[in-house]
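Undergrad: Here it is, the structure, as structure tokens.
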Amino acid sequence: MLKTKLKLRLSEGHYGGGLVDGATMLQLFGDAATELLIRYDGDEGLFRAYSSVEFLAPIYKGDYVEIIAKIIKTGNTSRKMTFEAWKIIAPVPDVSDSAADFLDKPILVCKAEGTCVTPKEKQRIKQIENI
């Protein structure tokens, strides 16, 4: 199973109170999928479809998230993947404008499953066999 992790701070809130929109999670999942495809096929490939997406907890401007993506099944051109977004750090504005807490228990904020494809003619490498 090929896996990657991305960690980043969410810098833009889309809604009132600094709430981050769900589309941001899907963009981050797409970035993680692209990394996996490059590592597996030597090509960015294409995101074909999400089969499920669940938004489980709110995220806000200033939160740090960790994105975990895995290829769980491969076909000739398809790569089935799972995605999770975990909130790992949250600001504490009532303490100070720069205070933040590393969460003892990360919070699963979003999970999804999707399929990407890399056309046969664009596949250059295959680093992991029998996923």
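Undergrad: From the list 90, 99, which residue is more than 15 Å from the chain's Cα centre (by Cα), of a type in the set (A, V, I, L, M) and closer than 21 Å to residue 24 by Cβ?
TA: 90
Undergrad: A follow-up question, please. Do we have residue 109 as out of contact with any Pro (no Cβ under 9 Å at 6 or more places or on another chain) and either among the β-branched types (Val, Ile, Thr) or outside any strand (DSSP E or B) (or both) here?
TA: No: the conditions fail for residue 109.
Undergrad: Next question. So which strands (runs of 3 or more DSSP E) stay within the stretch 1-76 end to end and still have 2 or more residues that are aliphatic (A, V, I, L, M) and closer than 22 Å to residue 121 by Cβ?
TA: Numbers: elements: 2-9, 46-55, 64-74.
Passing ranges, in order: 46-55.
Undergrad: Can you name the residue in the stretch 18-51 that is over 15 Å from the mean Cα position of the chain (by Cα) and buried (at least 17 other Cβ atoms within 10 Å of the Cβ) and is also nearest to residue 6 (Cα to Cα) among such residues?
TA: In this case the residue turns out to be 40.
Undergrad: To continue, here is another question. Regarding residue 80, is this residue among the charged types (D, E, K, R), without any contact (Cβ under 8 Å) to a residue 60 or more places away in the chain and either surrounded by 13 or more Cβ atoms within 10 Å (Cβ to Cβ) or outside any strand (DSSP E or B) (or both)?
TA: When the stated conditions are applied, residue 80 passes them.
Undergrad: Conditions first: (1) closer than 23 Å to residue 125 by Cα; (2) in contact (Cβ under 8 Å) with a residue 24 or more places away in the chain; (3) not basic (Lys, Arg). Residue 107 passes all but one, so which condition is the exception?
TA: The single condition residue 107 does not satisfy is (1).
Undergrad: Now, a different point. Specify the residue that is surrounded by the most Cβ atoms within 10 Å (Cβ to Cβ); the eligible residues are those in the stretch 84-126 that are among the β-branched types (Val, Ile, Thr) and under 24 Å from residue 17 (Cβ atoms).
TA: So the residue we want is 109.
Undergrad: Another question, if that's okay. If residue 55 satisfies every condition in (1) closer than 16 Å to residue 1 by Cβ; (2) touching a Cys at 6+ places or on another chain (Cβ under 7 Å); (3) of a type outside the set (Lys, Arg) but one, which is the exception?
TA: Condition (1) is where residue 55 drops out.
Undergrad: For the stretch 3-17, enumerate the residues that are surrounded by 14 or more Cβ atoms within 10 Å (Cβ to Cβ) and of a type in the set (Ser, Thr, Tyr).
TA: 4, the sole residue that qualifies.
Undergrad: From the list 84, 44, which residue is over 11 Å from residue 116 (Cβ atoms) and at pLDDT 95 or above?
TA: Of 84, 44, the one residue that is over 11 Å from residue 116 (Cβ atoms) and at pLDDT 95 or above is 84.
Undergrad: Which of the residues spanning the stretch 59-98 are of a type outside the set (S, T, N, Q) and over 23 Å from residue 15 (Cβ atoms)?
TA: 68, 69, 70, 71, 72, 73, 75, 79, 80, 81, 95, listed by residue number.
The values are calculated or read from the model by the stated rules, or taken from the named source; none is laboratory data. Predicted model, so just to flag it, every value in this text is computed and none were measured. Here Cβ is always computed from backbone atoms with ideal geometry, including for glycine, and neighbour counts include all displayed protein chains.
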